[in-house]
1. Answer yes if at least one residue in segment 482-497 is polar (S, T, N, Q) and either out of contact with any Pro (no Cβ under 9 Å at 6 or more places or on another chain) or surrounded by fewer than 16 Cβ atoms within 10 Å (Cβ to Cβ) (or both), and no otherwise.
2. Mind counting the residues in segment 284-296 that are at pLDDT below 95 and either assigned to a strand (DSSP E or B) or among the hydroxyl-bearing types (Ser, Thr, Tyr) (or both)?
3. Restricting to segment 461-475, and then to whatever is part of a loop (DSSP other than H, G, I, E, B) and touching a residue at least 60 places away in the same chain (Cβ under 8 Å), can you tell me which residue is farthest from Phe514 (Cα to Cα)?
4. Could you please give the count of residues in segment 221-253 that are within 27 Å of Phe172 (Cβ to Cβ) and loosely packed, with under 15 Cβ neighbours inside 10 Å?
5. If I filter segment 420-433 for residues that are of a type in the set (Ser, Thr, Tyr), part of a strand (DSSP E or B) and without any contact (Cβ under 8 Å) to a residue 60 or more places away in the chain, do I get at least one hit?
6. Give Asp201, Asp196 a once-over and let me know the one that is loosely packed, with under 13 Cβ neighbours inside 10 Å and either of a type in the set (Ser, Thr, Tyr) or part of a helix (DSSP H, G or I) (or both).
7. Taking Thr218 as meeting all but one of (1) touching a strand residue (DSSP E or B) at 6+ places or on another chain (Cβ under 7 Å); (2) over 30 Å from Met145 (Cβ atoms); (3) surrounded by 14 or more Cβ atoms within 10 Å (Cβ to Cβ), write down the number of the exception.
8. Take the residues in segment 184-207 that are charged (D, E, K, R) and more than 15 Å from Gly147 (Cα to Cα), then tell me which one is modelled with the lowest pLDDT.
Amino acid sequence: MKFLMQTKSIKTINFFLLVIGLSFIILPSFAQIDDDIIITKDRKVELPPANRVFEKIPPLKSSSDEKQMKYTFFDRKPKGVEEVKFSPNVVAPEGGNKKEETESYNNYVTIGAGNYGRILGEVFLNSNQENNLIIGVHAYHNSTMRGPVDDKNSANMYDKAEITGKYIAQKFQVNAGVNYNRDQYYFYGYQRPREDLDRKDIRQILNIVQFNVGFENTAPNPRVDYSLKTNLKSLKNIYGAQETDWASNFNTYFPIINEKFVAVIDAEAFITQRSDLEVDKRNLFRVEPTFKLNFNSFGASIGYKAVNEFDEIKKINRTKGFPTVELTYKSPSLLYFFAGMDGDIVRNTLGSMLNENPYLKSQVRLMNTEKSQEYYVGGKGDLGSGVSFNIRGAMGYYKNLYYFNNYTPDFGEALGDTAKFNILYDSLRTQYFNLVVQLNYQPAEIWRTYIKTDINHYQRRSFEQPFHRPLVTAKWGNTLIVSDRLLANLDLYYFGKTYAKNPTTQELMTNKAFYDLNAEFDYLFSSQFTAFVKLNNILGKKYERFLYYPQQGLNFLVGVNFSF
């Protein structure tokens, strides 16, 4: 019997590895068959491209529950499905006395350095987690003295400082925080050679201050459950642009017939003022009442989303409604299947656009994107033997879908600017198809792996190609516990080709597809002290996520992490 179980496990492993290999072989080939297939990115490539943010995971005590792989999909927005987080816990070494094994640490410090003149520092300080009032302080610095091209002209520096607090009472919880971000980088996508260039002329600095407060009900079995969150964000750059964004969200939950029939109300308010040569007030209000039905194996959610959009300069003041329906089925083996329809108006702010592409020119046009209809089906569940899956397919229509392209000169200007980007909107109704598939495999405690692919097709309307939206994205992530003291992470990304247009010659350009291989090794000397080595872009390709912006080649980071 033991021999048969081992044989079955070996076959499962071989089958899963075959699926992974075929995915990375077939998908790039598939991307070349039909150029009409256009894909939004799945993996969020760290922006700006010159920077790779190194995230260090503090040592945490492991448990059997925490070792389960988690996966989720977020509602698709034009910029793409957000990355599924894959954050394994570092396992404390065995041995030592019991006090060391059971003791937990609320604070940690990380220090690291690498090539390109990189310096990394991070500090987390937290009060006792067992108190009703918990306060945390976080500071972060990540900088490079040099970049992939022209030495200091492609350097960068990212700083963050924040204070967060949480008060936990018997029947409610209050969260609050304030944080400050300062991002400094350079527009290094200029045409070369440029011997007369002054670094001050291509520098960009973003200063972002945020305040947030949240209040939620935590009483057990309440008649009415609710939560209220509000966030005030101020963004400024050195070219005079400023945006103030106040976002509030209210959610309430009414059990009408136990958990069989429930009413839910979601309401959101966004009050935004953007100043860049002229002042523009851009507000959006959304309310969505929904009724949820639960009949054991079958479930349903029926709602209506009302959205009001206001733009002072563009003279927009309209309210649109979107019916929302989702039907679910849960099989006896706990496989979940769902199908539904949705619609929305997706907010596009200066802050959200800079998060996606920090190399924007001044005075870019901001418009929201309307998802007029979306129909989707999918499923998720555990197939046994350590294999689980998550799949979602969708078809719908966008209006004002946005793209990025290097800035094309206006009438009377001599040359375009390859170093800065403009936002282009397709005012025509654009049909799209999307398929996201994720497979997870955890055959043993020592190895966890998953592969995820994102495939999208956009109907061509106003532009020759959907500029800077990749054809196919795929990620293969692995975590290996090599020993009780050594942990290894290995991931491989595939990023499909993208298109752009040269702003001077108007020639259609192609950014080639690329693979990006990364690895990290953590060695635990004790439950408090860890050393790590992180290797990025092991293949050493200076690929371009955005046209004329090559990424760093092979880069590494070496550091230590101390908990106390």
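The values are calculated or read from the model by the stated rules, or taken from the named source; none is laboratory data. As the structure is a computational prediction, the values presented were derived from the model and not from experiment. Neighbour counts are summed over all protein chains in view; Cβ atoms, including those assigned to glycine, are modelled from backbone coordinates with ideal geometry.
1. Yes, segment 482-497 contains a residue that is polar (S, T, N, Q) and either out of contact with any Pro (no Cβ under 9 Å at 6 or more places or on another chain) or surrounded by fewer than 16 Cβ atoms within 10 Å (Cβ to Cβ) (or both).
2. Step one: filter segment 284-296 for residues at pLDDT below 95, giving 294-296.
Add one more test, that the residue is either assigned to a strand (DSSP E or B) or among the hydroxyl-bearing types (Ser, Thr, Tyr) (or both), and what stays is 294-295.
Summing the residues that are at pLDDT below 95 and either assigned to a strand (DSSP E or B) or among the hydroxyl-bearing types (Ser, Thr, Tyr) (or both) in segment 284-296 gives 2.
3. So, considering only residues that are part of a loop (DSSP other than H, G, I, E, B) and touching a residue at least 60 places away in the same chain (Cβ under 8 Å), the one farthest from Phe514 (Cα to Cα) is Phe463.
4. Number of matching residues: 4.
5. From segment 420-433, those of a type in the set (Ser, Thr, Tyr) are 425, 427, 430, 432; that's our starting set.
Narrowing further to those that are part of a strand (DSSP E or B): 425, 430, 432.
Still in the list and also without any contact (Cβ under 8 Å) to a residue 60 or more places away in the chain: 430, 432.
There is at least one residue in segment 420-433 that is of a type in the set (Ser, Thr, Tyr), part of a strand (DSSP E or B) and without any contact (Cβ under 8 Å) to a residue 60 or more places away in the chain.
6. Asp201
7. Against the list (1) touching a strand residue (DSSP E or B) at 6+ places or on another chain (Cβ under 7 Å); (2) over 30 Å from Met145 (Cβ atoms); (3) surrounded by 14 or more Cβ atoms within 10 Å (Cβ to Cβ), Thr218 comes up short only on (3).
8. Start the filter on segment 184-207 by keeping residues that are charged (D, E, K, R), which leaves 192, 194-196, 198-201, 203.
Checking which are more than 15 Å from Gly147 (Cα to Cα) leaves us with 192, 194-196, 198, 200-201.
Numbers: Arg192: 80, Arg194: 75, Glu195: 72, Asp196: 75, Asp198: 87, Lys200: 91, Asp201: 91.
Among them, the one singled out is Glu195.
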